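Trainee: Once you've had a glance at the structure underneath, I'll fire off some questions.
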Amino acid sequence: MKKWFKHPLAYVAVILAMVCGLIFVLAAVPGFNKLPSGTQNLRVVVLDQDQSSVSKNIATHLENKLPFKMVTATSFANAKRQLNTRQAALIIQIDKGFYQRVTRGQAPKLTYTVNQSNGLLQNMVTKNVTTQVTTQVASQLTTAKVTQMLAQSTGKALMQKQQAVAKQQVKQQLQASLAKSPQLAQQPAQLKKLQQQAIARVKRQQQQRLMPQVKKQAAATAATLTGQVATTTTKLHALPTNYQYQFAPMFLNLGAYLGIMLMSLVLTLMFMSARHVIGKWSALLAVQLNGFIGVLVAPLVTLGTLRCLISFSSSAFWQLFDVQVLFGLAVFEFTLAIAFLCGGLPSMILQLPLLVSQVVASGAIIPRPALNGFYRWLSTHTPMSQGVYSTFNALYGGANSGYTSALWWLISLSLLAVILIGWLGYRSTKTNPLSRLVPFTAGN
């Protein structure tokens, strides 16, 4: 027993357990420090298609009250483009005829358009936003400001209905004035002035007489609208309700990343030993060919298994295959460059925190806008996020929005780094303990 605890590996095992736990805490937990306030960075597009006084008031109220980045759009096509490229999380559409339905005492209409081809938190927040908006609009319709708008509209309508009566009253007043002063009939200027005075007097009398009726009718109309907002939700890209579909992109790419990272570590160890036998550049070429074979074969197995668990078409399968191959190449070159830089196994000190951090920043759970600055930067400059969003696009729909080009840039820059590190960092002709971990002889 004493000999066991004298062996250094016994303590290395304990240190590994401690370090792995520490890495996960330090790499993952800070990614959530902007929640729930970080969701306020999500963009919500308000599209006012009615352009009436009431709808404009509602749009302004939503921009002031809702805790999100509220932006306006000039057309539904523009708003839809923002939603499809994930620049916006939701479209709130105030339908044409909104004001007309309000003045008739009918429930006005709102249309919500959502893109469900996103991470779990964003979809939950979007659903909550639609509920908040409906409540806000329903309560806003009964405020004094809206009641005043309704009163103005009701007053104009009643005045128009009373026009015939008003004309008769004006005529009667003019006749009475002419009966008292017949000479006014010969004085056009005085007659016109008298007519204008009669019109103003009749209008004032009508307003005084109709005002109580106007207020009562406007208040009654506003009261009938409480909680009576008709809503429709349109899904740009719909997800099945089963959560397997929601989490498939994250676990598919997480498994691929972890497997390819381990493959790059093994191939690095082989390179460190083989370069002394077959030459550095031949060994590097072998590493690249071996990695490419792994990147091609692995998706066929994982996607075939995934298709047994969730349903998607054959066209989606091959689209996913293309995504996974490109993502795999990016991950392979990215992790290989780090492995080459750190000499193989020691790179795990850097590789593990990067993996955990990328899971948080991937967009599968927390949307990019809700992340803090560091994780948002990591999301756009590492492979995981690009792979997850591309997988969402392949399975459920969505615009590319630069994910493919980002992966190609990662492949190119990482491959260049691998070549430079191999050229500059592996010049020694003597073997070392790390290069002897995976023996490679001429007989192999």
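Trainee: Give the stretch 45-72 a look and list any residue that's buried (at least 17 other Cβ atoms within 10 Å of the Cβ), in contact with an Asp or Glu (Cβ under 9 Å, 6 or more places away or on another chain) and under 17 Å from Val114 (Cβ atoms), or say none.
Mentor: Once the filter is applied, which keeps residues that are buried (at least 17 other Cβ atoms within 10 Å of the Cβ), in contact with an Asp or Glu (Cβ under 9 Å, 6 or more places away or on another chain) and under 17 Å from Val114 (Cβ atoms), the stretch 45-72 yields Val46, Met70.
Trainee: Something else now. Looking only at the stretch 273-296, which residues are open to solvent by 30 Å² or more (accessible area, probe 1.4 Å) and within 20 Å of Met250 (Cα to Cα)?
Mentor: Listed by number, the list holds a single entry, Leu296.
Trainee: Hey, among Leu110, Leu83, Leu121, which residue is open to solvent by less than 30 Å² (accessible area, probe 1.4 Å) and within 15 Å of the chain's Cα centre (by Cα)?
Mentor: Leu83
Trainee: Please go through (1) within 30 Å of Phe76 (Cα to Cα); (2) surrounded by fewer than 16 Cβ atoms within 10 Å (Cβ to Cβ); (3) of a type outside the set (Asp, Glu); (4) touching a residue at least 40 places away in the same chain (Cβ under 8 Å) for Asn33 and return the number of the only condition it doesn't satisfy.
Mentor: Tallying (1) within 30 Å of Phe76 (Cα to Cα); (2) surrounded by fewer than 16 Cβ atoms within 10 Å (Cβ to Cβ); (3) of a type outside the set (Asp, Glu); (4) touching a residue at least 40 places away in the same chain (Cβ under 8 Å), Asn33 fails exactly one: (1).
Trainee: If you scan the stretch 42-53, which residues turn out to be outside any strand (DSSP E or B) and closer than 14 Å to Thr126 by Cβ?
Mentor: Leu42
Trainee: Just to be sure I understand the filter: pairs with C-beta atoms under 7 Å, separated by 6 or more residues or on different chains, first member in the stretch 252-266 and touching a residue at least 60 places away in the same chain (Cβ under 8 Å), second member of a type in the set (Phe, Trp, Tyr) and part of a helix (DSSP H, G or I). Which pairs pass?
Mentor: So the pair list comes out as Asn253/Phe327; Ala256/Phe327; Ile260/Phe332; Ser264/Phe332.
Trainee: Any idea which residue in the stretch 217-248 is modelled with the lowest pLDDT, counting only those that are hydroxyl-bearing (Ser, Thr, Tyr) and in contact with a Gly (Cβ under 9 Å, 6 or more places away or on another chain)?
Mentor: Here is the first cut: in the stretch 217-248, the ones hydroxyl-bearing (Ser, Thr, Tyr) are 221, 224, 226, 231-234, 241, 243, 245.
Those still in the list that are in contact with a Gly (Cβ under 9 Å, 6 or more places away or on another chain) too: 221, 224.
Working: Thr221: 59, Thr224: 53.
Across the stretch 217-248, the extreme among qualifying residues is Thr224.
Trainee: Do we find a residue being at pLDDT below 90, within 16 Å of Pro249 (Cβ to Cβ) and among the hydrophobic types (A, V, I, L, M, F, W, C) anywhere in the stretch 328-335?
Mentor: no
Trainee: Also, I was wondering about something else. I'd like the full set of residues that are in contact with a Leu (Cβ under 8 Å, 6 or more places away or on another chain) and buried (at least 21 other Cβ atoms within 10 Å of the Cβ), limited to the stretch 249-268.
Mentor: Pro249, Leu252, Tyr257, Met261, Ser264, Leu267, Thr268 - these are the residues of the stretch 249-268 that are in contact with a Leu (Cβ under 8 Å, 6 or more places away or on another chain) and buried (at least 21 other Cβ atoms within 10 Å of the Cβ).
The values are calculated or read from the model by the stated rules, or taken from the named source; none is laboratory data. Computed from a predicted structure; not experimentally measured. Note that we place each Cβ from the backbone using ideal geometry, even for glycine, and neighbour counts take in every protein chain shown. Only protein heavy atoms, including side chains, enter the accessible area calculation; ligands, DNA and RNA are left aside. Shrake-Rupley method; radii C 1.70, N 1.55, O 1.52, S 1.80 Å.
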